[in-house]
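Chemist: This is the structure I want to talk about, given as structure tokens.
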Amino acid sequence: MRNLTEANLTEAVLARTVGCEDARTRRMLQSIIRHLHAIVREVEPTPEEWLAAIRFLTETGKMCDEKRQEFILLSDTLGISMLVDAINNRMTAGGTESSVLGPFYVEGAPARERGTDLAAEDSDETATFRGRVLTPRGEPIAGAVLEVWQTAASGFYDIQDPSQPPMHLRGKFQTGADGRYEFHTLKPVSYPIPTDGPVGALLALQGRQPYRPAHSHFIVSAPGFRRLVTELFAEGDEQLDADPVFGVKSSLVVHFKSDGTDARGRPHFLVEYDFVLETA
Ligand code: BEZ
Ligand code: FE
């Protein structure tokens with residue numbers, strides 16, 4: 001195959017994928033080739049522009065390590081993460097809606113007793129989350145595991161901030177026969193996604209703001225049920241309609257009910273929320 005032209009180059013490249021034995025991988029490869037060629041035909045980049053794109057991806061890769069995942073951030077801010085999520089989590093039985101995992105989930109959060117306070121630091125405002133894990137028919141799910149993580153009042157996760165103890169504001173709770181969970185934590189705050197890398201530059205280029213609305217993250221799972229990755233957002237937050245990663249759904253916006261002060265005199269709020277898991 002030689003003397004390829006603008007007219008037949010795409011077909012020539014596609015033809016070279018036939019050696020890929022796995023049908024699914026071959027289909028994905030062909031789709032990627034077709035769409036990338038279509039982009040180039042549409043945009044007609046100059047060689048300098050194409051190099052700039054390659055440099056951007058190179059910088060994105062260089063920014064990644066065990067604690068920083070710039071490619072997830074790129075996927076999130078381009079809406080790809082939420083699109084993959086939407087395709088893979090079509091709720092049919094009224095289960096709790098899913099949302100973005102984000103780059104700050106850490107495996108291996110410690111198991112905690114019901115009612116544990118996850119906050120090691122003093123902060124202005126604290127919150128209790130409580131509720132049940134239910135089947136779509138409203139029956140409690142015993143032995144469900146609810147994993148939670150969020151930032152401190154500074155807007156940083158423990159893994160971004162050496163001043164916080166490891167696994168700060170993270171925990172795993174198991175429901176009993178009543179399906180109930182309860183834990184204490186800080187009232188989540190609005191915070192910016194990291195802007196010190198290529199993704200931040202890309203946001204700035206579009207005139208986009210980096211602040212996510214205040215939220216807490218959850219993974220809820222139980223044998224025989226679909227694993228739920230989701231978030232709960234604070235009602236009234238100014239960024240609810242401007243989330244840079246497109247994760248907000250109305251059903252996930254919760255009211256932080258004012259509940260006086262806690263034992264240390266800090267303003268305390270209560271969130272009551274039942275998670276509903278769909279069968280696997
Ligand atoms: C987060 O909420 O942890 C997050 C999600 C997506 C991108 C950046 C941060
Ligand atoms: Fe977050």
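Every number in this text was worked out from the coordinates using simple rules, so none of it is lab data. For clarity, every value in this text was computed on a predicted model and none was experimentally measured. Cβ atoms come from the backbone with ideal geometry, glycine included; neighbour counts cover every protein chain shown.
Chemist: Could you pull out every residue, at least 5 positions away or on a different chain, whose amide H is within less than 5 Å of the one on residue 276? Hs are placed 1.01 Å off N in the peptide plane, and Pro or chain starts have none.
Modeler: Correct list: 96, 134.
Chemist: Tell me, what HN-Hα J-couplings in whole Hz come from the Karplus equation 6.51 cos²θ - 1.76 cosθ + 1.60 at θ = phi - 60° for each residue of the range 14-20, using x for Gly and Pro?
Modeler: 4, 5, 6, 8, 4, x, 6
Chemist: Let me ask something additional. Of the residues 111, 53, 242, which exhibits the maximal mean-square fluctuation in a Gaussian network model of the chain defined by a 10 Å Cα contact cut-off?
Modeler: 53
Chemist: Place +1 on the Cβ of every Lys and Arg and -1 on the Cβ of every Asp and Glu in the chain, take the dipole about the Cα centre, and give the residue among 190, 53, 83 whose Cα lies farthest towards its positive end.
Modeler: 83
Chemist: Whole-Hz ³J(HN,Hα) for each residue in the range 177-186, computed from phi via Karplus 6.51 cos²θ - 1.76 cosθ + 1.60 with θ = phi - 60°, x for glycine and proline: what do you get?
Modeler: 4, 7, x, 8, 10, 6, 8, 10, 7, 8
Chemist: Once amide H atoms are built 1.01 Å from N in the peptide plane, which residues 5 or more positions from residue 171, or in another chain, come under 5 Å H to H?
Modeler: Sorted by chain and number, the residues that satisfy this are 148.
Chemist: Now for a different question. How much of the DSSP beta bridge set in the chain is antiparallel, as a percent to the nearest 5?
Modeler: Working: 30 of 41 bridges.
Close to 75 percent.
Chemist: Check each of the GluC sites (Glu not before Pro) in the range 99-187 and keep only those in coil by DSSP with at most 14 other C-beta atoms within 10 angstrom; list them in order.
Modeler: Details: sites: 107, 113, 121, 125, 147, 182; in loops: 107, 113, 121, 125.
Those satisfying the criteria are 107, 113, 121.
Chemist: Any idea what the relative contact order of the chain is, in percent, if you count C-alpha pairs under 8 Å spaced at least 6 apart? Mind showing how you got there, number by number?
Modeler: Working: 505 pairs, mean separation 59.5, N = 280.
About 21 percent, as a whole number.
Chemist: Here is a follow-up. Under a GNM of the chain (C-alpha, springs under 10 Å), which listed residue has the highest mean-square fluctuation: 219, 80, 33?
Modeler: 33
Chemist: Still on this structure, please answer the following. Grab the DSSP H runs of the chain that are 4 residues or longer, score each as -39,500 (n - 2.57), total them, divide by all residues and round the 222 nm result to the nearest 500 deg cm²/dmol. Walk me through the numbers before you get to the answer.
Modeler: Numbers: 6 runs with 69 residues, N = 280.
The per-residue figure over the chain is -7500 deg cm²/dmol.
Chemist: Could you go through the range 68-75 in sequence order and give the Karplus-derived ³J(HN,Hα) for each residue, using 6.51 cos²θ - 1.76 cosθ + 1.60 with θ = phi - 60°, rounded to whole Hz, and x for Gly and Pro?
Modeler: 10, 10, 5, 5, 5, 4, 5, 4
Chemist: Projected area of the chain, taken from the Cα convex hull and averaged over every viewing direction, in nm²? Kindly include the intermediate steps, with their values, before the conclusion.
Modeler: Numbers: hull surface 73.6 nm².
Reported value for the Cα convex hull: 18.4 nm².
Chemist: Here's something else I'd like to know. Name the lysines eligible as straight-distance cross-link partners of residue 67: C-alpha to C-alpha under 30 Å, and not fewer than 8 places from it in the same chain.
Modeler: Output for residue 67: 172, 187, 249.
Chemist: Take the Cα pairs of the range 9-63, get the Kirkwood Rh, then feed it into Stokes-Einstein at 20 °C and 1.002 mPa s and tell me D in µm²/s.
Modeler: 167
Chemist: Take the alpha carbon atoms of the range 144-204, find their center, do the same for the range 15-62, and report the distance between the two centers in whole angstrom.
Modeler: 35
Chemist: If you don't mind, another one. If you build a Gaussian network model of the chain, linking Cα atoms that sit under 10 Å apart, which residue out of 68, 27, 114 swings the most?
Modeler: Between 68, 27, 114, it is 27 that shows the largest mean-square fluctuation.
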